[in-house]
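Structure, as structure tokens:
The values are calculated or read from the model by the stated rules, or taken from the named source; none is laboratory data. Predicted model only: the values in this text are computed from it and were never measured. Cβ coordinates were reconstructed from backbone atoms using ideal geometry, including for glycine residues, and neighbour counts include every protein chain displayed.
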Amino acid sequence: MVDKITVGYTHLSGCTGCTVALADNYGGLLTLLDKYVDLKYMPTLADARHIQKVDVSFVEGSVCINDKLAVEEIKETREKSTVVVALGGCACYGNITRFSRGGQQNQPAQEAFLPIGDLIKVDVYIPGCAPTPQMIRNVAVMAYLLLKGTKEQKDLATAFLKPLMALPVQGTACGASTACFCDLMTNVIDQGLCMGCGSCAAVCPVRAISMEYGKPNGERDLCIKCGACYAQCPRGFFNTDVIGEYEAINEAIMAALQ
């Protein structure tokens with residue numbers, strides 16, 4: 001029996017799109033749960049709903065600071081987890097919840113939301129709205145290899161996770177806990193790195209990016225600050241640290257999923 005890592009899933013204020021993305025791994029998810037991951041708690045996929053001590057916690061959604069229970073849950077998640085992963089644009093940067101206001105009939109008290117990094121220390125960001133199923137799967141596999149693998153596997157996992165671990169520390173063009181099209185403009189387009197592939201426009205959940213004369217053009221008034229465009233860009237943060245090990249990393253992931 002493989003020595004599994006323990007995983008938890010804390011669901012705060014979000015649309016459950018990240019949970020859907022996780023489930024969209026289908027057979028890959030079943031392989032992870034069978035061989036590598038002991039899912040200790042999750043509102044939708046596990047009977048246990050209370051936060052427990054685990055190796056890795058995935059957190060979906062931002063924190064409503066008007067909700068005492070939500071604030072307590074995110075702090076308890078940090079206390080009981082070796083590694084905390086912010087999953088999706090809401091957990092990483094606040095996303096569309098930054099624009100939420102109270103007064104609605106069903107939730108009159110929920111007026112202010114913050115990304116989880118504003119309240120606790122976060123170890124890994126997986127931006128996107130929602131992140132791709134493959135990215136969630138790959139991070140789970142690499143987390144296992146980092147904690148339980150051989151030295152060679154740990155080195156590959158470190159190379160893969162390093163850019164994602166740097167995001168909570170280095171911040172973005174708009175500040176430490178927010179993201180927008182400015183990251184593409186500052187770090188890719190202004191550096192002459194954009195190749196006009198259109199990936200950013202395709203992934204934007206609110207169609208705030210259009211392609212003009214072969215280059216992306218962002219509408220600031222439409223941007224919900226989810227970080228999906230920069231996360232998807234092949235010339236963005238991920239490429240420079242991982243590209244040299246791409247084949248070895250991909251082989252390790254595929255071998256783990258057999």
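Residue 216 fulfils the conditions (1) of a type outside the set (A, V, I, L, M); (2) at pLDDT below 90; (3) buried (at least 17 other Cβ atoms within 10 Å of the Cβ) except for a single criterion, (2). Closer than 24 Å to residue 98 by Cα and surrounded by fewer than 22 Cβ atoms within 10 Å (Cβ to Cβ): does that describe residue 201? For residue 201, the condition - closer than 24 Å to residue 98 by Cα and surrounded by fewer than 22 Cβ atoms within 10 Å (Cβ to Cβ) - is met. Taking each residue of the stretch 222-238 that is under 19 Å from residue 159 (Cβ atoms) and among the basic types (Lys, Arg) and looking for partners that are assigned to a helix (DSSP H, G or I) and modelled with pLDDT of 85 or more with beta-carbon atoms closer than 7 Å, six or more apart or interchain, yields 235/188. Of everything listed in (1) on the phi > 0 side of the Ramachandran plot; (2) at pLDDT below 90, the single unmet condition for residue 111 is (1). Among the strands (runs of 3 or more DSSP E) confined wholly to the stretch 12-101, which include 3 or more residues that are basic (Lys, Arg)? The strands (runs of 3 or more DSSP E) meeting that bar number zero. Restricting attention to the stretch 70-93, the residues that are over 12 Å from the mean Cα position of the chain (by Cα) and under 17 Å from residue 42 (Cβ atoms) total 8.
Looking for whichever is modelled with pLDDT under 90 and either surrounded by fewer than 19 Cβ atoms within 10 Å (Cβ to Cβ) or within 21 Å of the chain's Cα centre (by Cα) (or both) here; the options are 47, 38. Which one fits?
47
Being buried (at least 17 other Cβ atoms within 10 Å of the Cβ) and assigned by TED's automatic domain parsing to the domain that holds residue 56: is that true of residue 134 here? Criteria not met by residue 134. Looking at 163, 216, 205, which is the one that is touching a helix residue (DSSP H, G or I) at 6+ places or on another chain (Cβ under 6 Å), at negative phi and not assigned by TED's automatic domain parsing to the domain that holds residue 39? Going through 163, 216, 205 in turn, the sole match is 216. Considering every residue within the stretch 155-167, establish whether at least one is at pLDDT below 90 and closer than 21 Å to residue 113 by Cβ. Yes: one or more hits.
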